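Comments concern the structure below.
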Amino acid sequence: MVVQKFGGSSVENAAKIQEVARIALEHRVDGKIAIVLSAMKGCTDLLLTAARDAEAGRDSYKDALAVLEKRHLDAAHELTRGTNYEGLRHQIEGQLSDLRDILHGVELVKECSKRSLDLIAGFGERLNCQLMTGYLNGAGHEAHYVDASKNFIITNDHHGAADVDFDATYAAVEATLRPLNGVMVITGFVASTAEGRPTTLGRNGSDYTASLVGAAIRAEAVEIWKDVDGVLTADPRFVQDTLVLEEISMEEAMEMSYFGAKVIHPSTMLPLLERGINLKIKNTLNPSVRGTLIRQNPKPHPYPITGIASITGAALINIEGSGMIGIPGFASRVFGALARASVNVIMISQASSEHSICIVCREAEAEPALAALREELKAEHQAKKLKDCELVSGLEVIAVIGENMRGRPGITGKLFSSLGSKNVNVLAIAQGSSERNISFVIDSKDRELALNTVHSAFLGNGGRP
């Protein structure tokens, strides 16, 4: 069986829901297919805004409810054309009534806990999946609505971005889907604890839901349907002449997703990698295009690199001085202090002289990181063994990624020579031992120049001079 996932822009209105249904029906295997749906485009943001407004005691949350009601009831009317409208309307209004009660409760207590926010945020997926199920059944096709927050995708209670219990989830998914036929319409993004408390997998977590379902049932393939033709060699908002990648490895895809390539949720590949299941990226707006196949052993391509990705809004903290030279456990103290401050380190670089360490984190976490390091290293600073930690903000981390970089001399030289020719200053560099990623830090003002320079150097003219 195939598992397909459709994003918010693919199901944002009745016409697009009908197109998604057509695609799903065409790809049934032995009459069965599982589809995972996001909320209609913009609905999750609307729900989160409504929750914040209710918490603040603002009546504007009721306006958000009215918008949600109109969008979904209009879509229901158009999808059923009156034949099954009343039944579908009753289901949608039931969901909206529950949502209205929850938001009213938030308004009364003036508090929206993370647990409540998870519950509220998942209504977009539930409403959309009920629309799709109602449309398919009304059109004479067997379809089943599966709410993933009803002991289907099972997680811990880390609300906002919960961790999956894989064994329990795989058993629950297989037991739920095995007896069903036709189209199984599954809510993306939402989950629950073993005790049934609603959680979520984090923003854009519907991709992850699809991969968990695919891994659980050992699907032939998992397909992620977006509004782009596949995985691109770079972000087309900043880079000219990007290419669609025909095939890439799971490891390359994970590297690219981590460094800001938003086509794929970062956690999506791991369950599929463990079970040897291919992942396809397809375009709902252009379904005839082949898209990108992500697999364990992709066919070779002629380019020296696979793609470029970047993280904007980064900051660098430099720790420098003789007080760290030859001192066992110094790095452990640095990263322990950052962990206690809940700071995620994007990149690290250390000189072989052990005279300096620089860490790169999100700009929003820079001040807590700086405070934590100053507190941890206060004694060394007072003893003049270390300089005061230096913070540089307004930076961009760029990653050059590709399996073809491994064991290939000259890649690093060509990379920094091309940047130097355009007067792009590099503040820090890191390369993993896998050799499939070279990361470097630049000033954010040089982002577009650097991305286009690197893309042209390696991927212009097929990556050849």
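The values are calculated or read from the model by the stated rules, or taken from the named source; none is laboratory data. For clarity, every value in this text was computed on a predicted model and none was experimentally measured. As a convention, Cβ positions derive from the backbone with ideal geometry for all residues, glycine included, and neighbour counts pool all protein chains shown.
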What are the residues in the range 334-387 that are of a type in the set (D, E, K, R) and touching a strand residue (DSSP E or B) at 6+ places or on another chain (Cβ under 9 Å), if any?
-> Arg362, Glu363, Glu365, Glu367, Lys387
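Yes/no matrix, rows are residues, columns are (1) among the aromatic types (Phe, Trp, Tyr); (2) surrounded by fewer than 21 Cβ atoms within 10 Å (Cβ to Cβ):
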| position | (1), (2) |
| --- | --- |
| Gln4 | no, no |
| Gly31 | no, yes |
| Leu46 | no, yes |
| Tyr61 | yes, no |
| Thr80 | no, no |
| Glu86 | no, yes |
| Gln91 | no, yes |
| Val106 | no, no |
Select from the range 94-113 the residues that are touching a His at 6+ places or on another chain (Cβ under 9 Å) and closer than 15 Å to Ala66 by Cα and list them in ascending order.
-> Gln95, Leu96
Tally, over the range 171-216, of residues that are of a type in the set (D, E, K, R) and buried (at least 19 other Cβ atoms within 10 Å of the Cβ) | 1
Which of the residues belonging to the range 33-44 are crowded, with 17+ Cβ neighbours inside 10 Å, over 17 Å from Glu223 (Cα atoms) and not basic (Lys, Arg)?
-> Ala39, Met40, Cys43, Thr44
Only residues that are closer than 21 Å to Met405 by Cβ and either in contact with an Asp or Glu (Cβ under 7 Å, 6 or more places away or on another chain) or of a type in the set (Ser, Thr, Tyr) (or both): list them for the range 210-261, please.
-> Thr233, Thr242, Val244, Ser249, Glu252, Ser257, Tyr258
Do any residues in the range 134-159 that are within 14 Å of Ile17 (Cβ to Cβ) have Cβ atoms under 7 Å from those of residues that are part of a loop (DSSP other than H, G, I, E, B), where the two are at least six apart or on different chains, and which pairs are they?
-> Gly134/Asn84; Gly138/Thr83; Gly138/Asn84
Would the range 229-238 turn up any residue that is of a type in the set (A, V, I, L, M), in a loop (DSSP other than H, G, I, E, B) and more than 19 Å from the chain's Cα centre (by Cα)?
-> no
Would you check if Ser206 is closer than 24 Å to Leu25 by Cα and either of a type in the set (S, T, N, Q) or at pLDDT below 95 (or both)?
-> yes
Being within 23 Å of the chain's Cα centre (by Cα), surrounded by 20 or more Cβ atoms within 10 Å (Cβ to Cβ) and polar (S, T, N, Q) narrows Thr133, Thr155 down to just Thr155
The condition from (1) closer than 23 Å to Leu48 by Cα; (2) of a type in the set (Ser, Thr, Tyr); (3) in a helix (DSSP H, G or I) that Ser149 misses is numbered (3)
Which ones in the range 219-241 are among the basic types (Lys, Arg) and more than 16 Å from Ile294 (Cα to Cα)?
-> Arg237
Residue check: is Glu396 charged (D, E, K, R), surrounded by 15 or more Cβ atoms within 10 Å (Cβ to Cβ) and more than 19 Å from Asp235 (Cα to Cα)?
-> no
Kindly establish whether Pro328 is in a helix (DSSP H, G or I) and either out of contact with any helix residue (DSSP H, G or I) (no Cβ under 7 Å at 6 or more places or on another chain) or polar (S, T, N, Q) (or both).
-> no
Of all strands (runs of 3 or more DSSP E) completely enclosed by the range 355-434, which ones contain at least 1 residues that are assigned by TED's automatic domain parsing to the domain that holds Asn318 and free of Cβ contacts under 8 Å to residues at least 40 places away in the same chain?
-> 356-362, 428-431
Selected residue [among the aliphatic types (A, V, I, L, M), part of a helix (DSSP H, G or I) and farther than 30 Å from Asn286 by Cβ] from Ala24, Ala75, Ala15, Ala64 = Ala64
Name the residue, out of Pro266, Pro271, Pro298, that is modelled with pLDDT of 90 or more and under 19 Å from Tyr208 (Cβ atoms).
-> Pro271
Being in a helix (DSSP H, G or I), touching a residue at least 60 places away in the same chain (Cβ under 8 Å) and over 22 Å from the mean Cα position of the chain (by Cα) is the filter here, so list the residues in the range 167-225 that pass it.
-> Leu177, Ile217
